[in-house]
Structure formats: structure tokens, C-alpha cells
Amino acid sequence: NGVNVQAQVIDNKEAACKVDEEELSSLIPRVPSNFPEIEELSLSELNDLVNNKATLDKFINKISVVDALKELKESIEMSNVDTATANLALEEKVESICMEVETLKQDLKSNVEKYRELDARRAAMTRPPEIHEAVRELASAKKKALNESDEFADDWVESGGSDVSAFVKKFMDTRVLHHTRAAKAERLKMSCK
């Protein structure tokens, strides 16, 4: 659903924002091996630093490494604010896209279901009939053609038919159809044995 998509987007962004050790080392200044500012102090000034927190804080704030760290911290905070603002600006668009994806997913599901139903109907319609079913249908059609030719002949005789050539043509066409169906049914029966 849309919440899962948002979680995936956030996970992908988090993965893209991870900083490896090398990059971290390049951002944070190295701790110096010595502090010339401390080496220049007298013993009483050192005691004052150790025993007086306010003096220590003032002294630490004068060290150039601390200034660099403060600038880095402020830069990171500003970058985080900018990124958060950009993310919030995209939130509505992401939600809209998530809803659209969900709608499309439902449409796809519905269309796949319709496709499967239609494909099953197509397969049933195009599947060759069972031989015994085809033989049964041919036998029924054969009998129908025989009955039609007999009825046509009876009607012609009872009406005192006059056009013999038209009668013969129609009667023979119907009888040929009857015998063709009979031959096909017999051939199918023989193929089953």
C-alpha cells in the first residue's frame, strides 16, 4: 500500500545519506597530537584551567579546531534543515503518487482477473471437441438432414410438385449432406478404436 511505498522511499533515502568512514574523516578535523596553546601556558594558568570551568570553556572556544568543528556542526544543521524542508515540500506529491500507484495496482489486478477469465473462455471455445461429443452431434445433424429431405419429399408429393429439376436438386443436396455427416461420424468412431 501507500505507506509501504513511503517507507521504501525513506529507506532508500537513508541508504543514500549514509556516510562512510573515509568521508567522515575528511569532514571532521583530526585531533592534533599537541596543542601549542596549552604548551605556552604557565603552571598557574594550567591549574586555573583545570580548576575553573568558565576559564576552561573560554580557553577551548579560542582553539582553532573547536571553531572548525562549530562551523561544521552549523553547516550540517543547515544542510539538514534544507533537506527536511525539501522533503516536506515533496510530501504531498509523494502521497499523491502513492495513491495513484495504489489505484493503478487495483486496476491492474482487476484487468489481470478479466484477462484470465477471457483467456479461459477462449481456451474453452477453441479447444477441439471430444470425439464422442463430435460423433453425437454429427449423428444428430445426420438425422436432422434425413428428416428434412423426407419432409421436403412428402411436401412436394402432397402439393403435386411440378418442377422436378428443382426438387431433385434440393432433395439431393439434403441427402448428400445426410450421407456426408454419416461418413464423418463413422470415420470418427473408427479413429477411436
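The values are calculated or read from the model by the stated rules, or taken from the named source; none is laboratory data. Nothing here was measured: the structure is a model prediction, and the numbers come from that model. So basically every Cβ, Gly included, is an ideal-geometry build from the backbone, and we count neighbours across all protein chains shown. Ligands, DNA and RNA are excluded from the accessible area calculation, which covers all protein heavy atoms including side chains. Shrake-Rupley method; radii C 1.70, N 1.55, O 1.52, S 1.80 Å.
Points worth noting:
- Tally of residues being open to solvent by 90 Å² or more (accessible area, probe 1.4 Å) and of a type in the set (Val, Ile, Thr) across region 72-130: 1
- All positions within region 91-116 that are in contact (Cβ under 8 Å) with a residue 24 or more places away in the chain and not β-branched (Val, Ile, Thr): GLU95, CYS98, MET99, GLU102
- Selection status of LEU88, modelled with pLDDT of 85 or more and within 38 Å of the chain's Cα centre (by Cα): yes
- Here ASP150 meets each of (1) surrounded by 10 or more Cβ atoms within 10 Å (Cβ to Cβ); (2) in a helix (DSSP H, G or I); (3) within 48 Å of the chain's Cα centre (by Cα) with one exception, condition (3).
- Residue count for region 27-66 under the criterion of being within 26 Å of SER79 (Cα to Cα) and touching a residue at least 12 places away in the same chain (Cβ under 8 Å): the result is 7.
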